[in-house]
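One structure below.
Only the coordinates and a few stated rules stand behind these numbers; no lab work does. Predicted model only: the values in this text are computed from it and were never measured. Don't worry about glycine lacking a Cβ; one is built from the backbone with ideal geometry, like all the others, and counts go over all protein chains shown.
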Amino acid sequence: MRIKRGSFVAGAVAALLAVGAGSAQADLGTPSTLVDVDTAKAAQYLHSSLNGKAMGYAFAIAENGLLAQKGADGTARVDKGTSFTPYSRIEIASATKNVVAAALLKATEAAGLTPEAPIWPYLPPDMRSTATDGWKSVKIKDILGHTSGLGQFIKDQSLDEQKKMNARYDGIKYAMSIAPVGTGKAYDYENENYAVARVVLTRLWYLTEQGFGVPEWIQPGGAPWSMAYINRHLFTPAGIATVNCLSSDPANNAHGYLTSASKTGSLLEMSGTSYEACASYRGLRMSAIDLVRWQVYLRHGTIVSPQVRLWMDTIEPGARGLGWDYVAAGTRAHGGDYNNGAGRVVTCHGKFPGNVEASLVVNSGIDGGPHPCSLLAAAVQYAS
């Protein structure tokens, strides 16, 4: 689709809403003037790059708030012979972090804080009682921007020690008791930062919205603390049907596969004890359509304020913004890659030049191994 100039997203977004779950109204404002992008050409690029190189894949492309393209090919379930579609939900891996960052920053703003605020007052007392002194200086922007020092520390530990520092409550508390962290450390991507983020998010929710969130003495186990906030304050207003880390239909939902030729796969869900860590560093089960809808509302809508968008998008020296891991001129995106030894998923969603939002979900590795965000960026560039 070629569009020469901007139009009101508030009217255009109806086309996007018509193909997804739920219905929502938003005052989306007027976007900037467009770069000319032939989204049909971008879709062709993705098909040619992925056909025969993945078990199954799906993508969605929005331009100026309109769902311009959607496509899919391949298999969702080898055992059932079902096709992968733009509506197939599957674990999106680390692409979850983009949503969690927006959620924590929304709660940060509601509490009258900024990303410069220390997280220390919003940690449970039992975590503070055993945490190293460095945690007193760690800021919200440090955990969302991977500049807390956790990455440098955890990567140097043995595999057994790393397992102890899992994303559940006990693992977070253990990591806090030994990690020499601080503010403004060198960028080093680390999942545990976002495990901490969900603790802070839940505390801020409790302090800013009566009857929600949890009090100081957060208990380990049970339902995820952050998932309810994300559905209530982000996904529902965007018209995205309830999202979870557990499969809604385990007998039939899409599997992940290690290669394009795998015969057996895995459901790829956070279940059992790992469910506690849902909606932190990974776990959300979403489709390509869900993800592009999310990006449209994140960029143009009112589910977060312009201030939150500015916080997310500002790139400090040596960093990559808050909630993004793939950053280039006119591009902010986050990818995901999860492999549990029986199945794999690679994903990306974000915003690109030409007022384009795009998503890609692949339920296997991609033969040849291109990063999914690089593939989306190349498709948009090819079509510009």
Listed with the fewest Cβ neighbours within 10 Å leading, 290, 249 appear as 249, 290
Any residue on another chain or 5+ positions along whose placed amide H is under 5 Å from the amide H of residue 76 is listed here as 82, 83, 84
Computed ³J(HN,Hα) along the stretch 309-315: with the Karplus parameters 6.51/-1.76/1.60, θ = phi - 60°, integer Hz and x for glycine or proline, the list is 4, 5, 4, 5, 8, 5, 9
Contour minus Cα-Cα span, residue 186 to residue 137, at 0.36 nm per residue, comes to 16.2 nm
Going residue by residue through the stretch 293-302, the Karplus relation 6.51 cos²θ - 1.76 cosθ + 1.60 with θ = phi - 60° gives ³J(HN,Hα) values, rounded to whole Hz and with x marking Gly or Pro, of 4, 4, 5, 4, 6, 5, 7, 10, x, 10
The rounded separation in angstrom of the Cα centers of the stretch 313-347 and the stretch 92-146 is 18 Å
When the charge dipole of the stretch 113-247 is computed with +1 at the Cβ of Lys and Arg and -1 at the Cβ of Asp and Glu, the Cα pointing farthest to the positive end, of 132, 222, 178, is that of 222
Pseudo-spin-label distance residue 307 to residue 273, built 7 Å along Cα→Cβ, given in nm, is 4.1 nm
Quick calc, residue 339 & residue 126: beta-carbon distance into FRET formula, R0 35 Å, rounding 0.05, result 0.55
Total charge of the residues flanking residue 194 in space, meaning their Cβ is under 10 Å from its Cβ, with Lys and Arg +1 and Asp and Glu -1, is +1
So, with points 7 Å from each Cα along the Cβ direction, the residue 44-residue 252 label distance in nm works out to 3.6 nm
For the chain, using Cα atoms only, the Rg and Dmax in Å read 19.9, 59
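Starting from the Cα-Cα distance between residue 228 and residue 263, subtract it from 0.36 nm times their residue separation and give me the gain in nm to one decimal.
Working: separation 35, 0.36 × 35 = 12.60 nm, distance 3.58 nm.
Residue separation times 0.36 nm, minus the Cα-Cα distance, leaves 9.0 nm.
Give me the net charge of residue 155's neighbourhood, meaning all other residues with Cβ under 10 Å from the Cβ of residue 155; Lys, Arg count +1, Asp, Glu -1. Mind dumping the intermediate values first?
On the way: positive: none; negative: 156, 188, 190.
Result for the neighbourhood of residue 155: -3.
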In degrees rounded to 10, the 0-90 angle between helix 96-110 Cα long axis and the longest Cα principal axis of the chain is 60 degrees
Most exposed first, judged by fewest Cβ atoms within 10 angstrom, 263, 136, 164, 185 run 263, 164, 136, 185
Assertion target for 116, 192, 109, ordered by fewest C-beta neighbours within 10 angstrom first, is 116, 109, 192
For residue 217, placing the label point 7 angstrom along Cα-to-beta-carbon and taking the stretch 187-211, residues whose amide nitrogen sits under 18 Å are 203, 206-207
Taking only the alpha-carbon atoms of the stretch 100-229, the convex hull volume per residue, in cubic angstrom, is 92 Å³
Under the helix-only model (-39500 (n - 2.57) for each DSSP H run of 4 or more, divided by the residues of the chain), the mean residue ellipticity at 222 nm, to 500 deg cm²/dmol, is -9000 deg cm²/dmol
With Cα springs under 10 Å, the Gaussian network model of the chain assigns the largest mean-square fluctuation among 93, 62, 251 to 251
In whole µm²/s, the translational diffusion coefficient that Stokes-Einstein assigns to the stretch 163-233, given a Kirkwood hydrodynamic radius over C-alpha pairs, 20 °C and 1.002 mPa s, equals 160 µm²/s
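Quick one: net charge of residue 174's neighbours, Cβ under 11 Å, K/R +1, D/E -1?
Numbers: positive: 163, 164, 168, 173; negative: 161, 170, 192.
That sum, taken over residues with Cβ under 11 Å, equals +1.
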